[in-house]
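Right, one structure below, let's go through it.
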């Protein structure tokens, strides 16, 4: 069986809801390693064992499909004490399919179409199994599921694959998610993207997107703050100006203003201290803002210019 060979550490057990994955940031190889997922350790042995217990590869594939589907069904209502075992069962059963003869010709697209609505975690596991065989060509399978109403875990998995194999298209798709779709329509998806996926993306094309998210007052407050925090790890030369602009232009979003000014002081202390020397008109009507700025002035040793 010919299998795609990854250029870096490959594909971990099926992630819990709330994690993009735990199967396999930086730039280049470092980014790929952070975005990759590792094949479950028992996948090859499970294929061999299932093949020996059935009447050939076709029956073995059917048995593993049933095993994976049963685990996915259990995960819909699983008590906390069995969730980890059911996730491992699902991930391993799907990954075992990658060891089937001619695994690249298995009906991956058909399976995804059948299961993505009712059993999205099964769809995630199938994409990862297909990735083991197809490598970058898995994007053809993933592309139809980057859509507005797709399950969060599945859509995050699709974005992981695009950032791993085609960062240019990934940047365009992620920009659409945040800036073209109704920004507050799926706040938890967007927050998970920023918390779980963004820290693992090393490609520089993510930075302008993070800056746009932070600067957009149409975005959820928490999403803007997460974007600013991520920019603190990988700021570009334009980030300090964007932070200052956010601080000066916002009026109702005090939390975002605080985050922006704190990051400005971290990235460009001289510029941040210059901002603190000014007494803003809104300080007279916003005690919270006034207290925050006075605290920073004291901390930075800055006096307000007369």
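The values are calculated or read from the model by the stated rules, or taken from the named source; none is laboratory data. Since the structure is predicted, the reported quantities are computational estimates derived from the model, not experimental observations. Quick reminder, even Gly has a Cβ in these numbers, built from the backbone with ideal geometry, and neighbours come from all protein chains shown.
A quick yes/no check of all residues on (1) in contact with a helix residue (DSSP H, G or I) (Cβ under 6 Å, 6 or more places away or on another chain); (2) at pLDDT 95 or above; (3) under 19 Å from residue 211 (Cα atoms); (4) loosely packed, with under 13 Cβ neighbours inside 10 Å:
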| position | (1), (2), (3), (4) |
| --- | --- |
| 239 | yes, yes, yes, no |
| 257 | yes, no, yes, no |
| 265 | yes, yes, yes, no |
| 283 | yes, no, no, no |
| 304 | no, no, no, no |
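For segment 35-59, taking the residues that are surrounded by 19 or more Cβ atoms within 10 Å (Cβ to Cβ) and assigned to a helix (DSSP H, G or I), the one that is farthest from the chain's Cα centre (by Cα) is identified as 51.
Does segment 111-130 include one or more residues that are within 26 Å of residue 211 (Cα to Cα), modelled with pLDDT of 95 or more and not in a helix (DSSP H, G or I)? No.
In summary, residue 32 fulfils each of the numbered conditions (1) modelled with pLDDT of 95 or more; (2) more than 23 Å from residue 120 (Cβ to Cβ); (3) surrounded by 19 or more Cβ atoms within 10 Å (Cβ to Cβ) with the single exception of condition (1).
Sort out which residues of segment 285-302 are farther than 26 Å from residue 223 by Cα and surrounded by 13 or more Cβ atoms within 10 Å (Cβ to Cβ), and write them in order of number.
Kept after step one, since they are farther than 26 Å from residue 223 by Cα, are these residues of segment 285-302: 285, 294, 297-302.
Across segment 285-302, the qualifying residues are 294, 297, 300, 302.
Out of contact with any strand residue (DSSP E or B) (no Cβ under 6 Å at 6 or more places or on another chain) and modelled with pLDDT of 95 or more, is that true of residue 27? In short, no. Here residue 160 does not fit the description of being within 12 Å of the chain's Cα centre (by Cα) and either under 18 Å from residue 231 (Cα atoms) or modelled with pLDDT under 95 (or both). Just one of the numbered conditions (1) in a helix (DSSP H, G or I); (2) within 16 Å of the chain's Cα centre (by Cα); (3) surrounded by fewer than 21 Cβ atoms within 10 Å (Cβ to Cβ) is not true of residue 147: (1).
Scanning segment 76-85 for residues that are in a helix (DSSP H, G or I), at pLDDT 95 or above and crowded, with 19+ Cβ neighbours inside 10 Å turns up nothing. Among the residues here, residue 89 does not qualify as at pLDDT 95 or above, closer than 30 Å to residue 205 by Cα and buried (at least 19 other Cβ atoms within 10 Å of the Cβ).
In this structure, residue 44 does not satisfy being modelled with pLDDT of 95 or more and closer than 20 Å to residue 111 by Cα.
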